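Below is one structure, written out as structure tokens; comments come after it.
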Amino acid sequence: MQVVQQTTDLTLESLLGLLRDLTPSDRLLIERAYRRAETAHAGQTRHSQEPYFTHCMAVAHILAEMNLDAEAIAAALLHDVLEDTKITLEELRDEFGPAVARIVDGVSKLKKIDTTVDKSSRTADRELEYLRKMMLAMGDDVRVVLVKLADRLHNMRTLGYMPPEKQRQKAQETLDIFAPLANRLGIWQIKWELEDLSFRYLQPETYKAIARSLDERRADREAYIANIAKVLREALAEQGITKVWISGRPKHIYGIYKKMERKQRALSQIYDVRAVRVIVETVLQCYQVLGVVHNLWRPIPGEFDDYIASPKDNFYRSLHTAVLDNHGKTVEVQIRTWEMHEEAEYGIAAHWRYKEGRGRDESFEKRLNYLRRLMEFGPGQTEDAAAFVDTMKEEVFQDRVYVFTPKGDIVDLPAGSTPIDFAYHIHTEIGHRCRGAKVSGKLVNLSYNLKTGDQVEILTAKRGGPSLDWLNPNQGYIKTARAREKVRQWFRKHDRDKHIVDGRGVLERELKRLGLEQMAFDTVAQLFGYDKLDDFLAAVGVGDINGAQIANRILELERRQAQEEQAKEVVASPPQAVTGSSNGVNVSGMSGMLVNLAHCCNPVFGDPIIGYVTRGHGVTVHRQDCANIRSHAEPERLIDVSWSSIQPERRYSVPIEVIAYDREGLMRDISTVITDEKVNMTRVQVSTRNNMATFQLTMEISDFQQLSRILARIERVGNVIEARRRYMS
């Protein structure tokens, strides 16, 4: 590992040679910044007795290796001139433009932030406080923090020239503040080197022992990796994967040390000491490689992580697995695409490495788009510093929210978390007894999405437990897997008879909400593979099956039945027979028939349906349980119909009824839910009596599943008692 940056290659030519696609104006900007900084720092030296300007060049080289833009490179060359020379901010702005001046000014402000705090303070609080101050200091250009991280990295590379006490202080500060900061920004290349350099000065003996052990086995390890790569490359070629890059993965001493500590294992038991990185072109190939690896060698249980399907909080994506080779040796394999590799190594800085036309991850693209908007801010556009910090955290660090307990402690949660997630994060019992929440002193719904900066107070009951509704994803009460599992565990511990009663209530409510009261409970149980109804109801009551799953499974049944019915009609019909299809409905054995959906029961795609041949108006399609069909239809006019497997782009008019305690703003809140779902209301009628409000609404719904979701969301609106599908007699 490099400890002292060599200066022989730190020339203007080598710097320019690292940068891609420089325009003449970009080249001129960097050359002018080089000459200005070299002159300004003339005569100044570092503790190593080297010219001070070598530090500026080293910082610029680090950023050039990340392929940052010309303004960032120019700012890196000039990053110390405001503090250490007579050059003023106005002079920088006039000579190099406002963007370069803002970056240099931001870096200078960061140097004035005190990172030393009382030793009793928690590291997490210390890091978060520095992050907050950093965002305030950096103003309107995120490149400030990239220059600062490069500055700290070179200072750590040359820390050997500082006194021992200063070495330990800077190393601890780097490990507490700057390495986690690089991790949050996803810049693993810098994070790993900062950690190793810090560890070298904080625990030199342990560092040397691990380094020595790794070095002693280097030749054997390299030969071993070469053989693994050869076997894997040949196996992949048989699968048609030829464009593949396989190498040994760099070893990071601090990471190995932390894993030894965390798992209480010796170095010989750490699987990723022997590690291979495989880079391919597509996500599909990543999973193909995984299958090949697991066919070649035996996977180790509990050592597989899919960070592609579930990326880490800082957007890191890759497949990780550990296997036992044919000789019983352990080896870790990382599998990723080139895009994932660049994101993993450079994080936010990968924005400057992309070429037009390359595929991008949607969540990562959203972050990059925000950075583009951020860098377009001009002077005076970010007047409110607090608002800027909030926006920064929500947009750039969108994967997490930082909220406060009533005592001021910081709680770090995934974005989209609710008060219930917060309650279970604090303590399991607080989650179980949660009955309400206040955010910044105001009562909020338990499905409220927490925002960074919120102060959360949980209102609890003395007894009782969670609600089964919390487990329904359509209700939006829980975001985190931890909270969801805690709720399930609570229900599993309680009486089976109560589970059956609770499950029956959930099933009745869901079927009533969807207008499927006639459906037999046994039929629903069989959809989930249960032969005994009580076992199914107990599973619902304990929370293993929720209302949304019930609705989805019923919809799947109706679609499957429609497809089977259509297939039977095709087989049974003679070759010349044509099946008519209109409004997404197939009419058995008839061609060119006019098909209308009945207004009395308003069938929606997925409902059980039957046709009625009218006089002069074609076939009218009703729900099978429609009161008009059951009571008044002439049996000889009934005809088999089914939903088409390929539905046209259309919407179905569905009447619903909402009953609620009346209050101001109730109609507005219900309308907001419907608008959020991008659903049109064609009829609205409201009646009030004795402080109760009844809403008769007609909405244009695309399918059964959307109806289930909207009804669930409306029932979450304050004061709403019930929202259900309505039928006209």
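Based on the Kirkwood radius over alpha-carbon pairs, what value in µm²/s does the Stokes-Einstein equation return for the translational diffusion coefficient of region 652-725 at 25 °C and 0.890 mPa s?
Roughly 202 µm²/s, to the nearest whole number.
If R0 is 56 Å, the Cβ-Cβ spacing of T88 and D412 corresponds to a FRET efficiency of close to 0.90. Listed by Cβ neighbour count within 10 Å, with the fewest neighbours leading, K493, K258 appear as K493, K258.
Quick one: of K442/K479; K109/K438; K479/K532; K170/K479; K148/K442, which pairs are farther than 28 Å apart, Cα to Cα?
Beyond 28 Å between Cα atoms: K109/K438; K479/K532; K170/K479; K148/K442.
Here the residues T614, T418, ranked from fewest to most Cβ neighbours within 10 Å of their Cβ, fall in the order T614, T418. Quote the FRET efficiency, to the nearest 0.05, computed for I426 versus Q239 with a Förster distance R0 of 41 Å and r equal to the Cβ-Cβ distance. Step by step, r from the Cβ atoms, then E = 0.25.
Please list 39-49, 424-434 highest first by mean number of surrounding beta-carbon atoms within 10 Å per residue. The partial results should precede the final answer.
Values: 39-49: 13.1, 424-434: 18.5.
Peptide ranking by packing, descending: 424-434, 39-49.
Taking the Cα centre of region 652-725 as origin and assigning +1 to Lys and Arg Cβ atoms and -1 to Asp and Glu Cβ atoms, the resulting dipole is close to 60 debye. Note on region 399-491: along the principal axes its Cα atoms extend 32, 30, 19 Å, ordered by decreasing extent. Straightening the chain between E634 and T405 buys 75.7 nm, computed as 0.36 nm per residue apart minus the Cα-Cα spacing.
Ordering L707, L557, L181 from the fewest to the most neighbouring beta carbons within 10 Å gives L557, L181, L707.
Coordinate-derived values only; no laboratory data. Computed from a prediction, not measured in an experiment: that's the story for all the values here. In this analysis, Cβ positions are derived from the backbone assuming ideal geometry, glycine residues included, and neighbour counts consider all displayed protein chains.
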